[in-house]
């Protein structure tokens, strides 16, 4: 792991492999570890892969502000400048896709390919409600059921679920119906990550800034690099997906059947070769990958 102080914030990053530059951007309550095993390591056979922790996440510094996607896109720009990466392919999951989109809208000449994976785009989807997807997994029902919130009227249900799940995990919560992947999952770093998330939203302006709008629809529609939109059937970000398809009719687009928000981990065997094809590489998934 390396570090660089950029825009006044210390960011942790690492690089693997050689070849054309590929940058992977993780979502909220995650870290660069989200990508490492199933994507960064195998893709490093074809690319120089750059991973980094968003400000306030992983081993990066936690400032008081700057958690909107526009400011975080500035962090990404500063990191690429620091690493002397003139052009790269960008893949972002969830909020990481929002950051990647903001960067691409401002510096399109520096983005060779852009893939957005189940990203809520605040400009296109200012609210996220429980009714945006009627499907609730058994795990979501178990954790959310006793939290005492008015889920039906919550306007940012994804953020609220992260808060509830983090508190549940710190309190030692265990569930019989765990999803294939959820934030603050099993392992040594689970409770640490949950505490880090609660510290972030309770001691900084992150909670309010996460929902600020970014690029105007016209700037998004002007994107002309190869584009890939992959969203989940059981996602509450599908409003963003449909608006992106309307603005970017030339984009490759698909919905993952039976997939949830974290399908990049639960559906590695199908998603990774899909990304490779999009990036111009033909390579089969390995039998050991989860499906």
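The values are calculated or read from the model by the stated rules, or taken from the named source; none is laboratory data. Here the structure is a predicted model, which means the values were calculated and not measured. Cβ placement follows ideal geometry from the backbone for every residue including glycine, while neighbour counts extend to all protein chains displayed.
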Exercise. For the stretch 61-84, how many residues meet the condition of being more than 16 Å from the chain's Cα centre (by Cα), farther than 16 Å from residue 22 by Cα and without any contact (Cβ under 8 Å) to a residue 60 or more places away in the chain?
Worked result: 1
Problem set entry | Condition check for residue 186: surrounded by fewer than 17 Cβ atoms within 10 Å (Cβ to Cβ) and either modelled with pLDDT under 95 or within 17 Å of residue 104 (Cα to Cα) (or both) | yes
Exercise. For the stretch 113-128, does any single residue satisfy the condition of being farther than 25 Å from residue 7 by Cα, at pLDDT below 95 and out of contact with any strand residue (DSSP E or B) (no Cβ under 7 Å at 6 or more places or on another chain)?
Worked result: no
Seminar exercise, completed: Residues of the stretch 10-59 being within 21 Å of residue 207 (Cα to Cα) and surrounded by fewer than 18 Cβ atoms within 10 Å (Cβ to Cβ), in sequence order, are 10, 59
For this session: Would you mind finding the one in 285, 193 that is part of a loop (DSSP other than H, G, I, E, B), modelled with pLDDT under 95 and more than 29 Å from residue 107 (Cα to Cα)?
Result: 285
Exercise. Failed condition for residue 172, given (1) farther than 30 Å from residue 248 by Cα; (2) in contact (Cβ under 8 Å) with a residue 60 or more places away in the chain; (3) touching a helix residue (DSSP H, G or I) at 6+ places or on another chain (Cβ under 9 Å), with all others met?
Worked result: (2)
Exercise. Among (1) more than 20 Å from the chain's Cα centre (by Cα); (2) modelled with pLDDT under 90; (3) farther than 28 Å from residue 62 by Cα; (4) part of a loop (DSSP other than H, G, I, E, B), which single condition is residue 224 missing?
Worked result: (2)
Seminar exercise, completed: Considering the stretch 244-262, residues that are at pLDDT 95 or above and under 18 Å from the mean Cα position of the chain (by Cα), and then whichever is surrounded by the most Cβ atoms within 10 Å (Cβ to Cβ), we arrive at 244
For this session: Examine the stretch 196-209 for a residue that is within 22 Å of residue 138 (Cβ to Cβ), crowded, with 16+ Cβ neighbours inside 10 Å and out of contact with any strand residue (DSSP E or B) (no Cβ under 8 Å at 6 or more places or on another chain), and state whether such a residue exists.
Result: no
